[in-house]
Every structure is written in C-alpha cells, then in structure tokens.
Amino acid sequence: MQDKYYTTIGLEIHVELKTNSKMFCGCKNDPAGESTPNGASSDTYKPNTNICPVCMAHPGTLPVANKKAIESVIKVGLALGGTIADFSEFDRKNYFYPDIPKAYQISQYKYPIVSGGHLNGVDITRVHLEEDTATSSHSSEGSLVDFNRAGVPLMELVTEPCIHDTDTLSNFAHELQTLLRYLDVSDANMEKGQMRVEVNISVSKDKDTLGVPVEVKNIASFRSAVKAALYEQKRMIDLIEEGKIGEIVKETRGWDDSKQKTFSQRTKENAEDYRYFPDPDLPKMYLHKAFDIEKMRAELPELPNAKRARYKNDYGIKDEDIESYIDDMELSKWFENVAGILKDKSKIQTASNYITSDYLGLQKSNKEVRLPKFENFVELINMVSDGVLSSRGAKDILAMIVITDESPMKIATEKDLIQKNDEGALKEIAQKIIDQNPTVVATYKGGKENALMSLVGQIMKETKGSANPALVQKILKELLA
Ligand code: ZN
Ligand code: MN
C-alpha cells in the first residue's frame with residue numbers, strides 16, 4: 001500500500017555549539033552543569049547559576065555576538081561545501097513563551113551564514129546561528145524556568161525536502177553528528193539535547209505535488225527519528241485511505257517515546273507570524289572581511305570521508321572495520337600507530353580483526369579494559385602471524401593485556417601458550433594418543449575422516465592448547481597412513 005504513496009522528508013537540526021561563553025553575553029556555556037565538581041547530576045546541578053541580565057532578558061541590556069560561534073558555523077558550512085555569505089545579519093523572531101521572556105529569539109532569517117551544501121547525498125538549504133531558549137519544568141506545584149541554557153549558541157541546519165526513506169534520514173543524521181565532532185564544534189550528544197532533530201514529513205500520491213507537511217519534535221535519538229517518520233507516514237496514509245485527507249493539517253507534533261507515537265502540539269505558525277526584522281542592537285556582518293575564509297577552508301581537519309578513503313587506500317581493511325574507527329577517534333589514533341609499526345597489509349587486517357571484534361567486545365563487557373601499549377599489541381599480532389601463538393591463545397592473551405598491559409611473549413611463556421611447532425615432540429604425543437584410542441583409530445581407518453578431529457582435540461588438550469592444530473593434523477595423517 002505504501003508503494004502507492006510518495007513520502008518526502010526534510011530535516012531541521014539544532015546543535016548546541018561548544019564555546020566557552022554564551023552567544024550574546026559572557027556567561028559560561030554549560031547548560032547541563034557539566035563543569036560542576038561531580039559532573040552533571042540531579043544532586044549537583046544548580047539551575048540559574050550561569051546567568052546575567054543579558055541572557056535573562058532584562059530591559060536595556062545589549063547583546064554582543066560570540067565570534068567563535070560564528071566561526072564554528074562557517075567551518076560547518078565549508079565542510080558541507082556550502083556558500084559562506086558575504087553579508088549576514090541577526091534578526092528578531094518575535095514570539096512570547098516563558099522560556100524566552102525577551103519575547104523574541106535572536107536568530108537569522110533572510111541572510112543565513114551558510115547557503116547550500118551537501119552531505120551523504122542530502123542537499124542542505126541553509127545553516128544559521130541563533131540562541132537557545134531557557135528550559136522550563138512543570139509540576140503540580142507550578143512551573144519553573146532555568147536560564148542556564150538561555151543564550152547558548154545554537155546552530156540550525158535545514159535540509160531540502162529531498163529524503164524519501166528512513167535509511168537516508170538516519171545515515172545523514174549520523175554522518176552530520178560525526179562531522180560536527182571532527183570539526184570539534186559540538187559534542188552533538190542527542191541524549192543531552194546537544195543535537196536535536198526535527199522531522200518534516202509529507203505524503204502524496206505523486207512525485208510532483210507535495211502533501212501537507214507535518215513537523216515532529218522532541219526526538220532524542222536517531223532511532224526515534226526513524227520511528228517518528230514511519231509512524232507519521234503510516235498515520236497520513238491511513239487518513240488518505242479512509243477518505244479523511246482533510247484531517248492532515250500543517251502542524252507541529254511531538255514524539256512520545258514511551259507510547260511510540262506522535263501527538264499534536266500546535267498548528268504551525270507561518271514565518272510571517274514571527275514578524276522577523278533585523279536586530280538593531282547587533283552590527284551587520286561582512287563575513288569575508290571579518291574572517292579569512294580561504295585560510296579557514298585550508299585549515300579544516302581531515303573529515304570523515306577523507307579518512308575513510310585514506311584507510312581504504314593505506315591499510316586496505318574491511319569497510320565495516322573502517323566505520324568502527326570513524327566513530328571512535330581515540331581508537332583510530334591508536335590503530336594508526338599500530339598500523340604504522342606493522343606496515344604489512346595482511347598483518348594490519350589481522351590486527352584490525354582483533355581490535356574491532358575482540359577488543360571492542362571486551363571493552364563493552366568490562367569498564368577496566370584499556371587499549372594496551374602499541375608495542376605489546378604489535379608483539380601479539382607478530383606472534384600470531386608467525387604461528388608462535390594460536391588464535392585461541394592470542395584471544396586469551398589479548399584479554400589479559402587490555403587489563404595488565406604486559407608483554408604477550410612474557411605471558412605466553414609463563415602460561416606455556418607458545419605454540420608447539422616441534423614436530424618430533426608432537427609426534428611422540430600423537431603416537432601416545434593413537435595407542436590410547438584404538439576404537440577411534442579403527443573408525444577413522446574405516447573411512448570416517450571426522451574421527452581424526454577427536455584425536456586432534458585430545459592432543460590439543462594434552463598440550464594445553466599450545467600445539468599448532470594444522471601441524472597436529474598433518475602428523476596424525478602421516479602416522480595413520
Ligand atoms: Zn548571560
Ligand atoms: Mn531554530
């Protein structure tokens with residue numbers, strides 16, 4: 001049934017920028033109270049501590065724009081391949097709400113800092129800068145307003161309505177989050193509200209006409225963004241199928257994660273309802289005069305796609321391995337050091353297998369797990385590659401060195417895990433096992449080749465797993481030939 005309909009999605013993404021001070025005053029930019037001695041928690045968090053007359057909207061105060069925040073938006077624009085405006089300005093977006101007692105939000109309307117750009121096949125319309133609101137909480141006793149977040153620099157990115165499936169939606173949002181972290185302009189943590197995704201979605205019967213769009217807010221994770229889009233898609237298609245297309249109205253809806261559904265919040269204002277006009281308290285911005293844009297472009301850090309290409313080219317490792325490094329900068333730095341010492345591509349892939357499956361698995365299950373010193377890890381990989389250590393033995397030793405960070409050779413020697421490649425010694429043990437198992441030997445000689453594995457198993461047990469299994473098989477076949 002969904003095949004009969006055409007779904008169109010655009011995104012509006014708000015991102016709290018990582019600056020020292022707020023957007024228009026000198027207050028500390030710390031909306032979650034993370035600089036309190038024990039980090040953010042309900043016990044230590046103190047509302048209304050990072051505040052001043054400017055961000056509390058006292059009359060007669062004057063805003064001063066934060067240069068670092070403007071610079072951050074320019075960097076994002078350059079990384080997205082967008083156009084950095086020659087001229088830009090701040091506007092007042094007029095509306096009253098208890099969390100915005102100035103009765104306007106300083107935002108940007110006609111002249112955003114960035115226009116255009118692309119990421120992961122999604123076209124960007126614009127990126128502009130504004131201020132975050134205060135936060136309010138409601139209880140039976142009344143409502144409380146906390147101004148710690150009021151005036152925090154907030155970047156808003158708007159995409160074109162060019163997304164038609166939820167895979168594209170979540171890939172784009174995830175890639176943007178990674179990009180923001182590489183640019184070091186935001187930690188973009190969705191649970192902490194540092195990155196907030198709004199989904200604009202419409203459904204129509206043909207490609208050429210867009211349906212009535214609905215905006216969904218209150219989305220706290222990429223998974224919820226996808227669920228909210230799928231929920232709205234189905235809700236709107238059902239209404240059309242039931243002949244109730246008139247009930248689809250332009251509105252803002254919220255996502256209720258506990259109920260897994262959207263609910264109507266308010267019918268959507270039009271831009272003209274906000275009576276935007278240029279803020280007379282802030283100077284106009286001539287960005288190409290105020291900033292050396294070309295120098296900033298040249299100084300951008302390596303971005304995720306460039307890093308993917310470099311890893312593919314220099315190390316030749318699997319794509320899914322590369323993604324593990326793209327998402328974890330500490331791990332990727334460490335891996336680059338390891339790869340630089342190993343040099344050989346097949347050894348590098350072996351190393352990467354132990355890192356992405358074994359190490360990351362260990363890290364998930366135990367908080368004490370740490371990346372070992374490069375030399376210890378490299379020694380381990382060389383021991384496996386040289387056949388000194390079985391892969392079983394290597395996994396066991398890796399589990400130890402991520403806690404103790406000792407030399408794998410030392411551990412292997414102490415625990416007698418060095419793989420026995422001494423053919424003479426292994427032959428003796430093999431003969432002993434053959435003599436002890438006449439029935440198994442008869443079965444094998446009768447044509448059941450699998451019976452050999454039972455003998456291999458016993459030899460491995462006898463040698464505490466230190467025998468080279470391939471060599472053991474070869475010796476057994478020779479002795480039983
Ligand atoms: Zn302030
Ligand atoms: Mn906004």
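The values are calculated or read from the model by the stated rules, or taken from the named source; none is laboratory data. Not measured: the values here are computed from a predicted model. Heads up, the Cβs are rebuilt from the backbone with ideal geometry, glycines too, and the neighbour counts pull from every protein chain shown. To get the accessible areas, we keep the full protein, side chains included, count just its heavy atoms, and leave off ligands, DNA and RNA. Shrake-Rupley method; radii C 1.70, N 1.55, O 1.52, S 1.80 Å.
With a cut-off of 11 Å on the backbone N, the residues of region 258-295 near the modelled label site 7 Å out from residue 67 along Cα-Cβ are 290-292. A 1.4 Å probe, protein heavy atoms only, puts the accessible area of residue 249 near 60 Å². Label sites at residue 346 and residue 245, each approximated as a point 7 angstrom past Cα along Cα to Cβ, lie 6.4 nm apart.
Note on residue 250: lysines with a C-alpha under 18 Å away, same-chain residues under 8 apart excluded, are 205, 217, 234, 261, 268. Taking the charge dipole of the chain about its Cα centre, with +1 at Lys and Arg Cβ atoms and -1 at Asp and Glu Cβ atoms, the residue from 455, 438, 162 reaching farthest to the positive side is 438. Straight-line reach from residue 28: taking Cα to Cα under 16 Å and skipping same-chain neighbours fewer than 8 places apart, the aspartates and glutamates in range are 16, 131, 132, 146.
Shape analysis of region 60-168 places it in the oblate category; the axes a ≥ b ≥ c from the Cα gyration tensor give an a/c of at least 1.5, with a/b not above b/c.
For residue 126, the accessible area of its heavy atoms, probed at 1.4 Å with every protein chain present, is near 50 square angstrom. Pairs exceeding a 28 Å alpha-carbon distance, out of 75/307; 227/307; 68/284: 227/307. Amide H to amide H, with H built 1.01 Å from N, residue 262 comes under 5 Å of 256, counting only residues 5 or more places away or on other chains. When a/c reaches 1.5 or more, the comparison of a/b and b/c decides; with that in mind, is region 193-325 rounded, prolate or oblate per its Cα gyration tensor? Oblate is the answer for region 193-325, as a/c is 1.5 or above yet b/c matches or exceeds a/b. Applying both filters, DSSP loop and at most 14 other Cβ atoms within 10 Å, to the GluC sites (Glu not before Pro) of region 91-149 gives 141.
Placing a label point 7 Å from the Cα of residue 474 along the Cα-to-Cβ line, the residues of region 355-394 whose backbone N sits under 14 Å from it are 387-388.
For the chain, the relative contact order works out to 13 percent when only alpha carbon pairs closer than 8 Å and six or more residues apart are counted. Would you mind classifying the chain by shape? Square roots of the alpha carbon gyration tensor eigenvalues, ordered a ≥ b ≥ c; an a/c under 1.5 is rounded, otherwise it is prolate if a/b is larger than b/c and oblate if not. Because a/c hits 1.5 or more and a/b exceeds b/c, the chain counts as prolate. The GluC sites (Glu not before Pro) of region 207-252 that meet both conditions, a loop assignment by DSSP and at most 16 other Cβ atoms within 10 Å of the site Cβ, are 242. Looking at the chain, the DSSP beta bridges with both ends there are about 90 percent antiparallel.
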